[in-house]
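The values are calculated or read from the model by the stated rules, or taken from the named source; none is laboratory data. Quantities reported herein were computed from a predicted structural model and do not represent experimental measurements. Glycine gets a Cβ as well: all are built from the backbone with ideal geometry, and neighbour counts include every protein chain shown.
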Amino acid sequence: MASVVFFRAVNVGGHQKFQPSRLAKELAALEVVNVGAAGTLVVRAKVNATRLRAEILRHLPFKPELMICPSQHILALAATPLFQRAPVGKNLTRFVSVLPQAPPVPPKLPLLFPASGKWEVQLVAVVGNVVLSVRRPGPKGLYPNAVVEKSLGMVATTRNWNTIETICRVLEA
């Protein structure tokens, strides 16, 4: 089964730096495609998560946090109108945060941050180990990843919805 690997907290401020495109080349036997610079890999080969994690770690000088999702999960996520009830507007951006596992108790949604005044981040859906959110610019400069981690008490890694669409195109090619 194909997989999608989401790295957490890499290539940010000089921390845990690596070149995802080079890693993809080193993992060519697993049919790896790099998506962007944030550490997102599509793995087309049928390999279990344990072996995939070991192969990735073997090629890096540090041990990053990895969220590995089956490709079917990402494709199903993209095919579902999960943002249907979310606010829309040209200054709004949709995000996906991937957790290591589903939250033990999903929050009552939507959650707005800040809770009073004009919201900047709105959590709109939780599907398994994925949280969908919408962000609009504001004075606090809130970012969905920090909001998800604080509100759910779990680590997360966040990507723009456009990245999910790119992943789907790679998987369907």
Condition broken by Gln101, with the remaining ones in (1) closer than 30 Å to Arg22 by Cα; (2) surrounded by 14 or more Cβ atoms within 10 Å (Cβ to Cβ) satisfied: (2)
Those residues of region 4-37 which are out of contact with any Phe, Trp or Tyr (no Cβ under 7 Å at 6 or more places or on another chain), touching a residue at least 40 places away in the same chain (Cβ under 8 Å) and not in a strand (DSSP E or B), in sequence order: Ala9, Phe18, Val35, Gly36
Determine whether region 134-149 contains at least one residue that is farther than 17 Å from Leu92 by Cα and surrounded by fewer than 20 Cβ atoms within 10 Å (Cβ to Cβ). yes
Please go through (1) assigned by TED's automatic domain parsing to the domain that holds Lys17; (2) in contact with a helix residue (DSSP H, G or I) (Cβ under 7 Å, 6 or more places away or on another chain); (3) not aromatic (Phe, Trp, Tyr) for Val127 and return the number of the only condition it doesn't satisfy. (1)
Of the conditions (1) outside the structural domain of Gly141 (by TED's automatic domain parsing); (2) closer than 14 Å to Thr158 by Cα; (3) touching a strand residue (DSSP E or B) at 6+ places or on another chain (Cβ under 8 Å); (4) surrounded by fewer than 19 Cβ atoms within 10 Å (Cβ to Cβ), the single one that Val35 does not satisfy is (4)
Leu52 vs (1) over 20 Å from Leu75 (Cβ atoms); (2) assigned to a helix (DSSP H, G or I): all pass except (1)
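Results for (1) modelled with pLDDT under 95; (2) assigned to a helix (DSSP H, G or I), shown as yes or no for each residue.
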| position | (1), (2) |
| --- | --- |
| Ile74 | no, yes |
| Leu77 | yes, yes |
| Val88 | yes, no |
| Phe95 | no, no |
| Pro103 | no, no |
| Leu112 | no, no |
| Thr158 | no, no |
